[in-house]
Amino acid sequence: MDIGNLIRMANRIGDFFDAMPDREEAIDNVAGHIRKFWEPRMRAELLDFLSRQPDGMLGETRLSPIVLEAVARHREALTPKTAVH
């Protein structure tokens, strides 16, 4: 997956929930949406990117503050489960 596209997608989710009056609920909803609707490989790609770029910067593209906070707070829940053999 193209990380630039994932950043843009995550930011659109963040923009939607950022309008909520309750900041904590908005952050939880951003993470919940990503967890529920993104494929595990998409979540893994985003988390891997943030491991390398904790500020969420990719050239001129940047993860929004609400997305950065949501991923940081909910990293464990967003981490795809690996198959146990």
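The values are calculated or read from the model by the stated rules, or taken from the named source; none is laboratory data. All values derive from a computational prediction rather than experimental measurement. Neighbour counts are summed over all protein chains in view; Cβ atoms, including those assigned to glycine, are modelled from backbone coordinates with ideal geometry. For the accessible areas, the whole protein counts, side chains as well, though only heavy atoms, and no ligand, DNA or RNA atoms are used. Shrake-Rupley method; radii C 1.70, N 1.55, O 1.52, S 1.80 Å.
Results for (1) among the aliphatic types (A, V, I, L, M); (2) farther than 27 Å from Met20 by Cα, shown as yes or no for each residue.
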| residue | (1), (2) |
| --- | --- |
| Arg35 | no, no |
| Arg43 | no, no |
| Leu47 | yes, no |
| Leu50 | yes, no |
| Arg62 | no, no |
| Leu68 | yes, no |
| Thr82 | no, yes |
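Quick grid of which residues meet (1) under 24 Å from Thr82 (Cα atoms); (2) more than 11 Å from the chain's Cα centre (by Cα); (3) of a type in the set (A, V, I, L, M, F, W, C); (4) at pLDDT 95 or above:
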residue	(1), (2), (3), (4)
Phe17	no, yes, yes, yes
His33	yes, no, no, yes
Lys36	yes, yes, no, yes
Met42	yes, no, yes, yes
Glu60	no, yes, no, no
Leu68	yes, no, yes, yes
Val71	yes, no, yes, yes
For this session: May I ask you to list pairs of residues, at least six apart or on different chains, whose Cβ atoms are under 8 Å apart, with the first in the stretch 8-29 being assigned to a helix (DSSP H, G or I) and the second being of a type in the set (S, T, N, Q)?
Result: Arg8/Thr61; Ala10/Ser64; Asn11/Ser64; Gly14/Ser64; Asp15/Ser64; Phe17/Asn29; Asp18/Ser64
For this session: Just name the residue that is surrounded by the most Cβ atoms within 10 Å (Cβ to Cβ) out of those in the stretch 26-47 that are closer than 15 Å to Ala72 by Cα and among the charged types (D, E, K, R).
Result: Arg43
For this session: Keeping to the stretch 65-85, report how many residues are in a loop (DSSP other than H, G, I, E, B) and surrounded by 13 or more Cβ atoms within 10 Å (Cβ to Cβ).
Result: 3
For this session: Select from the stretch 50-64 the residues that are part of a helix (DSSP H, G or I) and surrounded by fewer than 12 Cβ atoms within 10 Å (Cβ to Cβ) and list them in ascending order.
Result: Ser51, Arg52
Seminar exercise, completed: The residue that is most open to solvent (accessible area, probe 1.4 Å), considering only those in the stretch 1-25 that are acidic (Asp, Glu) and over 13 Å from Ala70 (Cβ atoms), is Asp2
